[in-house]
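Chemist: Would you mind keeping the following structure in view while I ask a few things?
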Amino acid sequence: MDSSISAESKIRERIQHLERSHDRVISCHVKVEAPHHHGHHGKIFQVSIDVRVPGGEVAVSNAHELNHAHEDLMVAVRDSFDAAERKLEDLVRRMDPKRTKPHPPIGHGSVARMMDEEGYGFIETPDGREFFFDRDSLSAGEWDALAPGTEVRFTERDGDKGPFATAVRPVAKHGNEAV
């Protein structure tokens with residue numbers, strides 16, 4: 001198809017973004033095909049992207065999709081690059097597990113003590129560790145549901161003054177079982 005300055009500019013911009021996000025990109029080949037004028041298939045742009053990195057390759061194509069949003073060339077380019085970036089991230093993660101962002105551990109314990117006026121408290125875990133938490137660590141309205149002995153789940157964090165808890169949630173009780 002004839003070159004479009006705006007499409008070419010957007011493609012170069014997205015390639016640069018890929019190179020900034022993944023510093024080991026060796027090559028990136030982009031192929032854009034003009035829509036076929038078949039009445040029953042619509043006028044869908046086909047965008048194929050092939051990205052090579054050391055030890056792997058990612059290829060995406062919307063050639064077999066019937067997404068009518070891809071009648072707009074810029075939308076087809078955006079969607080294809082988004083898919084290529086997701087696949088590239090998956091490839092890099094498989095090749096180098098150390099690059100996977102670790103999730104903080106989920107803790108379980110019970111409220112040891114609360115300072116209602118000051119808006120903070122402490123959670124004690126079964127192994128005896130203690131975690132600070134404050135009113136902002138809970139969803140709205142849950143502070144009043146807490147009292148010493150209330151079972152909670154929380155996300156463990158390390159801070160300058162020691163371990164603390166975020167995303168504190170009371171454990172719902174159904175009958176005698178905690179869930």
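Rule-based calculations on the coordinates, nothing more; no lab input. Since this is a predicted model, take the numbers as computed values, not measurements. Neighbour counts are summed over all protein chains in view; Cβ atoms, including those assigned to glycine, are modelled from backbone coordinates with ideal geometry.
Chemist: Under the rule of -39500 (n - 2.57) per DSSP H run of 4 or more residues, summed and divided by the residues of the chain, what mean residue ellipticity at 222 nm is obtained, to the nearest 500 deg cm²/dmol?
Modeler: -7500 deg cm²/dmol
Chemist: About its Cα centre, how strong a charge dipole does region 50-135 have in debye, to the nearest 20, once Lys and Arg get +1 and Asp and Glu get -1 at the Cβ? Display every interim value, and only then the final one.
Modeler: Numbers: 12 positive and 18 negative charges, 93 e Å.
Once rounded to the nearest 20, the dipole reads 440 debye.
Chemist: Additional query: Among the lysines in the chain, how many pairs, 8 or more places apart or on different chains, have alpha carbons under 20 Å apart?
Modeler: 6
Chemist: Let me ask something else. Per 0.36 nm of contour for each residue apart, how much would the distance between Gln16 and Glu124 grow if the chain were fully extended, relative to their Cα-Cα spacing?
Modeler: 34.0 nm
Chemist: Could you work out the pair-distance distribution P(r) of region 106-178 from its alpha-carbon pairs, with 10 angstrom bin width and percents rounded to whole numbers?
Modeler: Final binned percentages: 21, 58, 19, 2.
Chemist: Let me ask something else. Can you tell me the FRET efficiency between Asp158 and Arg93 if r is taken as the Cβ-Cβ distance and R0 is 25 Å, rounded to the nearest 0.05?
Modeler: Efficiency, rounded to the nearest 0.05: 0.55.
Chemist: What spacing in nm lies between the two simple spin-label points modelled at Asp23 and Glu65, each 7 Å away from Cα in the Cβ direction?
Modeler: Going from the Asp23 label point to the Glu65 one covers 3.1 nm.
Chemist: Beta carbons within 10 angstrom, averaged per residue: use that to sort the peptides 159-166, 145-152, highest first.
Modeler: By packing density, highest mean first, the sequence is 145-152, 159-166.
Chemist: Order the peptides 77-85, 121-129 from the highest to the lowest mean number of other Cβ atoms within 10 Å of their residues.
Modeler: Order by mean packing, descending: 77-85, 121-129.
Chemist: Ratio to report: Rg/Rh of region 5-99, with Cα atoms as the point set and Rh obtained by the Kirkwood method; give two decimals. List each step's numbers first, then the result.
Modeler: Details: Rg = 14.3 Å, Rh = 14.0 Å.
Ratio of gyration radius to Kirkwood radius for region 5-99: 1.02.
Chemist: Give the label of the value calculated from the structure for P(r) over Cα pairs in 5 Å bins from 0, in percent, choosing from (i) 1, 8, 14, 19, 18, 15, 8, 5, 3, 3, 2, 2, 1, 0, 0; (ii) 1, 7, 13, 12, 9, 6, 6, 7, 9, 10, 9, 7, 3, 1, 0; (iii) 1, 7, 13, 14, 12, 10, 10, 10, 8, 6, 3, 2, 2, 1, 1, 1, 0, 0.
Modeler: Computing P(r) over Cα pairs in 5 Å bins from 0, in percent and matching it to (i) 1, 8, 14, 19, 18, 15, 8, 5, 3, 3, 2, 2, 1, 0, 0; (ii) 1, 7, 13, 12, 9, 6, 6, 7, 9, 10, 9, 7, 3, 1, 0; (iii) 1, 7, 13, 14, 12, 10, 10, 10, 8, 6, 3, 2, 2, 1, 1, 1, 0, 0 gives (ii).
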